[in-house]
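Report on the following structure.
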Amino acid sequence: MTNPNAKGKTRAQITKDAREREERALDLVALRWSYERIARELGYAHRRSAKAAVDRALARIPMDAAKRLREVEAHALDIAQRSLADKIVSGHLGAIDRLIRIMDHRAKLFGLYEPQPDTGVAEIAAVLGAWLGRIREEDEALDGDLPDQEPEALPGALGAENSPETSAGGV
């Protein structure tokens with residue numbers, strides 16, 4: 001099916017118009033418009049189409065602008081969370097449920113559910129452990145004067161300093 005608005009336009013003009021419409025959709029999301037309302041306003045067939053347009057626009061913007069949008073969204077979540085404070089403290093289950101949803105959205109916004117990249121620390125620790133084992137074997141064969149402590153017990157052990165619980169990448 002062809003786009004009825006594309007009559008007589010070049011591919012470049014059609015692409016330019018589509019991008020402008022996607023940018024407008026992104027602007028409307030920042031104004032807190034629903035995807036249904038954006039779809040009606042900009043002529044998208046369905047709210048999913050409006051969401052896809054916003055996603056395409058977000059993919060094109062520089063990282064600084066994406067960071068700014070995350071800050072705006074986080075600020076809106078802060079306002080929503082603060083508005084629930086009294087009800088949460090008093091134990092209102094609906095408010096507590098809403099808080100959990102806000103926290104979930106915040107975690108998604110900042111990518112906290114994304115898999116963390118493998119830093120290779122485990123492989124390095126395994127190689128160093130194997131190396132230490134060979135050194136101990138050679139030492140025992142010679143004179144056995146190395147300390148008998150395991151690497152985890154030594155001050156500043158690699159495994160303790162870089163565990164997921166203490167590293168910057170851990171959650």
Mind listing just one residue for me: the one in segment 17-41 that is in contact with a helix residue (DSSP H, G or I) (Cβ under 8 Å, 6 or more places away or on another chain) and among the acidic types (Asp, Glu) and, of those, farthest from Ala80 (Cα to Cα)? Asp17
Tell me the helices (runs of 4 or more DSSP H) entirely within segment 74-171 that contain at least 3 residues that are of a type in the set (Val, Ile, Thr), closer than 30 Å to Leu31 by Cα and modelled with pLDDT of 80 or more. 93-109
What is the number of the single condition among (1) more than 26 Å from His75 (Cα to Cα); (2) exposed (fewer than 11 other Cβ atoms within 10 Å of the Cβ) that Thr15 does not meet? (2)
Determine which single condition Tyr44 fails, assuming it passes every other condition in (1) assigned to a helix (DSSP H, G or I); (2) touching a helix residue (DSSP H, G or I) at 6+ places or on another chain (Cβ under 7 Å). (1)
Unmet criterion (only one of (1) touching a residue at least 12 places away in the same chain (Cβ under 8 Å); (2) under 30 Å from Val29 (Cα atoms)) for Ala65: (1)
If I ask for residues that are in contact with a helix residue (DSSP H, G or I) (Cβ under 7 Å, 6 or more places away or on another chain), farther than 21 Å from Thr15 by Cβ and basic (Lys, Arg), which ones from segment 47-77 would you list? Arg47, Arg70
Would a scan of segment 27-35 turn up a residue that is out of contact with any Pro (no Cβ under 8 Å at 6 or more places or on another chain) and surrounded by fewer than 11 Cβ atoms within 10 Å (Cβ to Cβ)? yes
Among the candidates Ala59, Ala52, residue that is small (Gly, Ala, Ser) and either more than 26 Å from Asp17 (Cβ to Cβ) or surrounded by 13 or more Cβ atoms within 10 Å (Cβ to Cβ) (or both): Ala52
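The values are calculated or read from the model by the stated rules, or taken from the named source; none is laboratory data. All values derive from a computational prediction rather than experimental measurement. Glycine also receives a Cβ, built like all others from the backbone with ideal geometry; neighbour counts cover every protein chain displayed.
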